Every structure is written in structure tokens, then in C-alpha cells.
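Trainee: Take a look at the following structure, please.
The values are calculated or read from the model by the stated rules, or taken from the named source; none is laboratory data. The model shown is predicted, which means the values in this text are computed figures rather than measured ones. Here the Cβ positions follow ideal geometry from the backbone for every residue, glycine too, while neighbour counts run over all protein chains shown. Each accessible area value is taken on the protein alone, full model and side chains, heavy atoms only, with ligands, DNA and RNA left out. Shrake-Rupley method; radii C 1.70, N 1.55, O 1.52, S 1.80 Å.
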Amino acid sequence: MTSPILVDIPFEKRHTCWFCDEPCNAELAYWRMAHTPHPSLTVPACNECLLLAKKQLLTSIWECREAVKDQLMQRYSQDLAIGINWTEQELEESEFECKIFGGFKKSAWMMYQIAQKRINAPGWVLSIDGEQFDEDPLFAGSNTLGFEFDGLQFNNLTQAIKHYCAVLALDEAFLQQLVTFLGKDQFAHAIKLARLNIGITKSMQQKILNELIEDLDV
């Protein structure tokens with residue numbers, strides 16, 4: 001298996017997280033599976049996005065980023081709500097003067113802008129040694145990351161996983177790992193394995209995953 005190679009980084013994006021555009025000094029190594037539409041690679045990542053990405057690798061680096069963005073949106077929902085409930089001018093003209101609300105008045109809009117910038121960060125087109133990847137749906141003119149299964153249309157693979165885990169009472173982390181190893185084309189098989197092994201211990205889950213890896217030619 002080829003070791004991950006650091007992607008080309010534009011000069012202006014040095015030390016910048018590919019996921020959220022914040023300053024960073026870490027990297028995410030993404031190992032290619034048989035179904036992965038790009039080679040093994042490494043992208044710059046801030047510590048927060050790195051931890052989130054490791055938990056939700058899914059079947060490509062782009063789907064991984066969509067999952068990270070979903071998690072960031074949930075984490076910073078209160079900051080993002082500021083932009084829905086207020087305008088910058090309304091906050092400046094508000095009468096919040098007490099110690100608690102005075103601090104909110106001063107920092108709220110800045111926190112909203114930071115959260116918004118991270119969620120909307122587009123990253124950059126991925127390439128290695130100048131060779132751009134052909135399978136990047138976010139930069140191909142249309143976003144094709146949507147996922148359809150069993151007659152249902154989901155915005156992304158992460159949303160589908162969350163839905164079936166809620167409906168079928170499945171272990172979300174286990175199903176994510178199964179989908180990562182099997183690929184989204186075998187989503188039905190991943191669900192079947194997860195359903196057959198409801199309630200097993202983490203060590204048994206890992207045993208199943210290890211056996212699955214041994215059976216896969218990656």
C-alpha cells in the first residue's frame with residue numbers, strides 16, 4: 001500500500017487547514033481503499049478538524065470533508081444562529097450593557113463570522129506534483145456528493161448513515177467504519193453487517209473490521 005503523499009499547497013494557503021481555512025500545523029493522512037477515487041494523500045488540518053476527520057473518513061477525502069463540515073455546523077450552531085437572529089448593526093445598537101450581555105455584544109458578531117468562514121471554506125483543488133485529481137465533485141461544476149439509497153435522496157453519505165442508525169438503532173461509528181472499508185456502492189451490505197452485529201462489544205467490532213480488511217484487496 002502506497003504511503004500518503006502531501007498534496008500541493010498553494011503559496012497563500014501555507015499552514016492553512018484544507019477543511020476550514022483556519023491556521024494549522026497538523027496533517028490528516030488519508031489511506032486509499034480499493035473504491036477510493038484518489039490516491040493515498042495527506043492534507044493540512046487544524047487539530048479540531050483532524051480529530052473530526054479521523055472519526056469520519058468515509059469513502060473519499062471530499063466526503064470526509066463534508067462530514068467534518070456537518071460536525072462543525074452542529075458544534076457551532078449557536079454562533080451561526082447569531083447571523084440568523086441579528087444583524088451587525090442591531091448588535092451594535094443593542095442596549096446590552098451588563099457584564100454578561102455586554103461581553104456578548106462585543107464578541108457575538110465576530111464569533112458568527114469565524115464560524116461562518118470555517119463552514120463555507122472551499123479548500124483548494126487537490127493535486128500531487130501538479131497533477132490534479134479528476135474525481136473532485138466540488139470543483140467539477142456541480143456538487144455530486146448527494147447520495148441515494150433505497151429510494152431516499154440524502155444530501156451526503158453522512159446524512160444517510162445518521163438516518164439509518166436512528167431508524168435501525170445501529171452503532172453509528174461502527175457503520176461509518178464499515179462503509180469506509182466497503183465503499184458506498186456496498187452500503188446495503190454495510191447496513192446488513194451492522195444489523196447482524198447490534199449490541200456487540202467494541203473489541204468484537206474491531207475483530208470484524210480486521211477480518212474485513214484482510215479480505216479486501218487494497
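Trainee: Which ones in segment 57-76 are of a type in the set (A, V, I, L, M, F, W, C) and either closer than 22 Å to G183 by Cβ or at pLDDT 90 or above (or both)?
Mentor: From segment 57-76, those of a type in the set (A, V, I, L, M, F, W, C) are 57-58, 61-62, 64, 67-68, 72-73; that's our starting set.
Matches in segment 57-76: L57, L58, I61, W62, C64, A67, V68, L72.
Trainee: Here is a follow-up. Considering only segment 171-210, how many residues are over 22 Å from Y30 (Cα atoms), within 22 Å of the chain's Cα centre (by Cα) and of a type in the set (D, E, K, R)?
Mentor: Of the residues in that region, 1 qualify.
Trainee: Can you tell me which of (1) at pLDDT below 95; (2) outside any loop (DSSP other than H, G, I, E, B) is the one K54 doesn't meet?
Mentor: Here K54 meets the rest and fails (1).
Trainee: Restricting attention to segment 182-215, report how many residues are assigned to a helix (DSSP H, G or I), open to solvent by less than 40 Å² (accessible area, probe 1.4 Å) and either among the aromatic types (F, W, Y) or farther than 16 Å from C165 by Cα (or both). So that I can check it myself, show each step before the final result.
Mentor: Within segment 182-215, the first condition is being assigned to a helix (DSSP H, G or I), and the residues that meet it are 182, 184-196, 202-215.
Add one more test, that the residue is open to solvent by less than 40 Å² (accessible area, probe 1.4 Å), and what stays is 182, 187, 190-191, 193-194, 205, 208-209, 212.
Subset that is either among the aromatic types (F, W, Y) or farther than 16 Å from C165 by Cα (or both): 182, 187, 208-209, 212.
Residues in segment 182-215 being assigned to a helix (DSSP H, G or I), open to solvent by less than 40 Å² (accessible area, probe 1.4 Å) and either among the aromatic types (F, W, Y) or farther than 16 Å from C165 by Cα (or both): 5 in total.
Trainee: Which residue, of E135, E148, is part of a strand (DSSP E or B), under 30 Å from E211 (Cα atoms) and modelled with pLDDT under 90?
Mentor: After ruling out the rest, the residue left standing is E148.
Trainee: Of all residues in segment 13-29, which are open to solvent by less than 10 Å² (accessible area, probe 1.4 Å) and not in a loop (DSSP other than H, G, I, E, B)?
Mentor: Hit for segment 13-29 is L28, nothing else.
Trainee: From the list T2, T42, T36, pick out the single residue that is outside any loop (DSSP other than H, G, I, E, B) and over 14 Å from the mean Cα position of the chain (by Cα). Don't jump to the end; show me each part of the working.
Mentor: Details: T2 fails: outside any loop (DSSP other than H, G, I, E, B); T36 fails: outside any loop (DSSP other than H, G, I, E, B).
Within the list T2, T42, T36, the selection yields T42.
Trainee: A34 - would you say it is over 17 Å from I114 (Cβ atoms), of a type in the set (G, A, S) and surrounded by 14 or more Cβ atoms within 10 Å (Cβ to Cβ)?
Mentor: Taking the combined requirement at face value, the residue does not satisfy it.
Trainee: Another question about this same structure. So is L51 without any contact (Cβ under 8 Å) to a residue 12 or more places away in the chain and hydrophobic (A, V, I, L, M, F, W, C) or not?
Mentor: yes
Trainee: Among the numbered conditions (1) under 25 Å from G130 (Cβ atoms); (2) exposed (fewer than 13 other Cβ atoms within 10 Å of the Cβ); (3) without any contact (Cβ under 8 Å) to a residue 24 or more places away in the chain, tell me where S77 comes up short.
Mentor: So S77 meets the others, but not (1).
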